[in-house]
Each structure stands twice: as C-alpha cells, then as structure tokens.
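A short write-up of the structure that comes next.
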Amino acid sequence: MRSRFAVLFLAVGALAVSAVAATAAPHHNKGLTIAATPDPIVAGDGVLIYGQLDGTNVAGQTIDLYHKVAPATHYTLIQATTTNSDGFYEFTRVEGKVLTNRDWYVTGPNKTHSKTIKEKVQADVDLTSPVSSSSALTNTPVVFTGSVYPAHAHQFVRIQDQNGLTGNGWHTLASGRTTSLSTFAITKRFAYPGDYTIRAEFGSDARNVGSASDSVTLIVQQKENPEFTINTDAPVIAEGSSADLTGTLYTSSTPLTPEPSTAIALYGSTAGGKFVKVAHGTTGLDGSYSFTVAPKHNTVYQVRAAKVHTARLYEGVADVVIANYSSTTPAAGTAITVTGSVSPDKNGHWIYLQELRPDGAWATIVGGKVGTGSAYSLSYAFGSTGIYKVRVRIFGGPENVGAASAPQSVTVSAAAAAATLPPATP
C-alpha cells in the first residue's frame with residue numbers, strides 16, 4: 001500500500017516557488033487551458049493538473065499554478081513549471097496535499113490566464129464494525145464507532161441503513177457528533193431481525209463535500225424460544241452456497257425434555273414476503289432436527305410444530321462480484337476500465353470502485369450502475385504515482401448482502417503526456 005506522503009518527481013520539472021497571495025482569480029482568457037483529474041477525490045488523494053498554452057512561441061514558457069483552499073478567500077501561488085515543445089504543461093499535487101475543497105487556475109506569459117476550476121474533496125469517513133460484534137439480538141444496544149479525516153470536531157455524523165432495491169436507498173437510523181478528536185460512537189437498538197447494511201454519513205460543509213464510509217453488515221437475530229431452538233452454521237453465505245439450520249424441540253423448558261419423532265416443517269420468507277413451507281421432517285430421538293438450505297436471496301426461516309414454533313432466524317445471502325481490469329500499470333491521468341458481473345442478477349443496482357486508504361478502510365472513488373445481463377463497467381484515472389489497492393463493491397439491501405471483488409494492486413507510473421489526456425477546459 002502506498003504512503004500518503006509519497007514523493008513524486010515531475011517529468012516536466014517543478015520549479016521552486018515562494019508563496020504569493022492574490023485576492024481573487026483574474027478574468028480568464030482563451031490563451032491557456034486547464035483540467036484536473038480525478039475530480040472529486042477522497043481527502044489526501046493525488047491530483048494531476050494539466051493544460052496547454054496556445055499561440056506561437058509556446059515552448060519553454062513558465063506556467064504558474066494558484067489555488068484557493070476553502071474556506072479561504074485568497075489565492076496563493078503554489079507551484080511553477082515550463083511548457084514542452086507543444087505548449088503542454090503538467091502539475092502533480094502529490095498525496096497528502098489536497099485535503100479540502102479548492103479552486104485552481106494557472107497563468108502564463110503575456111498575461112494569459114486559465115479558467116478557474118473547482119476540485120471537490122470528500123472527507124474520508126471510517127466506520128468500524130460494531131464493537132459488540134457483527135451480529136446482535138433484537139432490542140440490544142449496538143455501538144458504531146469511527147472517525148472523519150481531515151479533522152471535523154463537533155459535527156454531525158449519521159448512521160444509515162440501505163434498504164433500496166437498487167442499492168441507493170439510505171435512511172438515517174441514528175445520529176451523533178464527532179468528538180474534539182474527530183471520532184464518533186453512536187448507539188442504536190434494532191427492533192426487528194434482519195440483515196442491515198450500515199454506513200456512516202458526513203454532510204458537506206465549506207471544507208469538504210458530503211461523503212460516506214464503506215458499509216458494514218450487521219445481522220440481527222430474534223431471541224431464541226428456549227423450548228424450540230433454531231441456529232445456523234453460517235449467518236451469511238455466498239450466493240450458490242448452502243447453510244445448515246439445526247435446533248431442538250422440547251416438551252417443556254423446566255426441566256428441558258426433548259420431544260422425539262415429532263412432525264415439523266421449515267418455512268421461509270424472502271425479501272419481506274409471506275412465509276411458505278419449503279421443507280418438512282421429524283425430530284430425532286433427542287428432539288433435534290436439521291435442514292440444509294441454499295437460498296438465492298436473503299431469507300427469514302422459522303421451524304414449526306403443531307402448537308409451537310421457533311424464533312425467526314435470518315439467513316443472509318451475499319452477492320458474488322467478478323472484476324477484470326483493462327490495465328494494472330496505467331500512467332497517472334490515464335483511465336483504467338474495470339468490467340465484470342454480479343450474481344444473482346443486479347440489473348439497475350449501483351456498484352462502486354473503491355480504494356484502500358492508508359488507515360486500512362475502503363473508500364468509494366467512482367460509481368455506476370449494473371446493466372443488462374448483470375454486467376458493469378467502471379472507469380477511473382489516478383492523479384499521482386504509487387501502488388493502489390482497489391476493488392469493486394456492491395452494497396447490500398433487502399434482496400442480498402453486499403459483497404466485494406478480490407483486491408487488486410494497480411501500479412501507477414509517471415503522468416502520461418498531456419497531449420494524450422482528455423482535452424482541457426479553454
């Protein structure tokens with residue numbers, strides 16, 4: 001994994017500059033173009049800024065880069081370089097430099113100056129698994145902890161659950177404020193059993209645009225009926241796999257007395273539908289039973305006898321995500337394309353490319369929708385050199401538990417020639 005403060009030597013050669021402040025950006029003209037990639041970024045990511053000087057005598061000309069860091073009102077000269085033989089220039093803002101929203105513009109010879117462009121910067125929100133564990137019982141307090149980077153003291157963080165069929169139906173369950181150290185701990189009780197896809201969401205302010213953490217999956221189970229128990233050997237299975245449901249039927253609980261050779265039936269409910277019988281059997285001599293299930297979607301199970309039934313047991317079914325990369329050795333500023341598929345079918349569902357952050361958390365860097373045949377395509381251009389770990393992520397919901405592809409290392413080399421990059425803004 002790369003260092004947040006990796007050093008990059010520009011091919012065009014950055015010149016040492018002194019900090020010079022300006023009260024406002026000048027009116028731009030058409031003699032100098034500018035672009036920045038990627039935009040938006042997660043706080044601390046590198047950014048490649050490039051463009052071209054138009055006209056004659058464009059080689060070897062000095063280009064100055066200015067920025068205004070939110071919420072400041074003044075622009076500052078931060079970097080300088082020279083154009084190549086065709087008038088192209090490039091700047092790289094290395095990792096760890098760009099932490100908050102800012103504006104960029106460049107100036108050149110003969111009072112040329114570019115348009116002012118905005119760089120949107122998302123806060124890096126980290127949500128850890130619930131301190132009580134990744135599973136809980138109904139009406140039991142669960143504590144969600146995490147942090148926001150860069151520091152945002154005493155600001156609101158919301159704990160949200162995703163319950164939309166297309167993966168983008170987030171609603172707030174609880175909220176709290178960050179501490180003076182920009183950490184948070186928010187408690188929530190869950191009244192109903194099920195699979196909850198939970199994230200922490202931080203709203204926008206002058207310094208950063210709104211952002212959210214990667215999600216964690218919380219399995220909430222109903223409290224057991226001591227006279228008719230039910231358990232699973234795997235609360236979450238991958239689509240295409242199976243789980244064993246086991247338990248014991250007792251005639252009474254004081255003392256526990258097994259009820260042998262009794263007819264029972266297994267019922268299941270998928271995505272909030274009605275319970276239907278899916279299997280039947282009888283208890284053993286010790287009152288025990290076992291059913292093997294292989295659902296395609298999240299399912300709530302219950303075992304029933306003539307006059308008694310078990311608690312409802314939640315069985316989550318995780319998606320399976322396959323990812324293929326057009327390149328794992330791109331140049332900075334050159335987009336890679338990640339293609340693949342999801343099973344079961346997730347046509348219309350949101351899917352994301354994520355990057356492993358220096359703090360060990362995953363952050364979303366670009367998103368799109370799964371298309372026909374449950375296939376997807378995502379493109380992204382890294383802004384600076386380094387070794388990145390990325391993966392494709394789909395969030396869970398009523399139908400399935402979320403999942404991610406296997407992590408992939410991407411080694412980004414020095415910036416591609418500006419002439420080969422998408423056209424800059426005149």
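The values are calculated or read from the model by the stated rules, or taken from the named source; none is laboratory data. Here the structure is a predicted model, which means the values were calculated and not measured. Positions of Cβ are backbone-derived with ideal geometry, glycine not excepted, and every protein chain shown enters the neighbour counts. The protein model used for the area step is the full one, side chains on, heavy atoms only, and it has no ligands, DNA or RNA in it. Shrake-Rupley method; radii C 1.70, N 1.55, O 1.52, S 1.80 Å.
Total residues in the range 153-172 satisfying the condition of being in a loop (DSSP other than H, G, I, E, B) and either of a type in the set (S, T, N, Q) or without any contact (Cβ under 8 Å) to a residue 60 or more places away in the chain (or both): the figure is 6. Select from the range 70-90 the residues that are within 20 Å of LYS111 (Cβ to Cβ) and either open to solvent by less than 30 Å² (accessible area, probe 1.4 Å) or out of contact with any strand residue (DSSP E or B) (no Cβ under 9 Å at 6 or more places or on another chain) (or both) and list them in ascending order. Result: TYR75, LEU77, GLN79, ALA80, THR81, THR83, GLY87, TYR89. Filtering the range 270-298 to residues that are at pLDDT 95 or above and either of a type in the set (Ser, Thr, Tyr) or in contact with a helix residue (DSSP H, G or I) (Cβ under 8 Å, 6 or more places away or on another chain) (or both) leaves THR282, THR283, SER288, TYR289, SER290, THR292.
Scan SER204, SER180, SER175 and give me the residue that is open to solvent by 40 Å² or more (accessible area, probe 1.4 Å), under 27 Å from ASN101 (Cβ atoms), in a strand (DSSP E or B) and polar (S, T, N, Q). Spell out the reasoning first.
Working: SER204 fails: in a strand (DSSP E or B); SER180 fails: in a strand (DSSP E or B).
Unique residue meeting the criteria: SER175.
Any residue at all in the range 383-394 that's part of a strand (DSSP E or B), touching a residue at least 12 places away in the same chain (Cβ under 8 Å) and polar (S, T, N, Q)? No, there is no match, as no residue in the range 383-394 is part of a strand (DSSP E or B), touching a residue at least 12 places away in the same chain (Cβ under 8 Å) and polar (S, T, N, Q).
Just wondering, is there one or more residues in the range 48-69 that are outside any strand (DSSP E or B) and over 23 Å from PRO109 (Cβ atoms)?
No: zero hits.
Working carefully through the options GLN122, GLN162, find the one that is over 30 Å from THR81 (Cα atoms), modelled with pLDDT of 95 or more and within 17 Å of the chain's Cα centre (by Cα).
Unique residue meeting the criteria: GLN162.
For the range 306-347, a residue qualifies if it is more than 22 Å from VAL410 (Cα to Cα), open to solvent by 20 Å² or more (accessible area, probe 1.4 Å) and part of a loop (DSSP other than H, G, I, E, B), and the qualifying residues are ALA306, LYS307, VAL308, ARG312, ASP345, ASN347. Answer yes if at least one residue in the range 276-289 is free of Cβ contacts under 8 Å to residues at least 40 places away in the same chain, farther than 30 Å from PRO398 by Cβ and among the polar types (S, T, N, Q), and no otherwise. Yes. In the range 379-426, which residues are open to solvent by 50 Å² or more (accessible area, probe 1.4 Å), at pLDDT 95 or above and within 20 Å of ASP39 (Cβ to Cβ)? Correct list: SER379 only.
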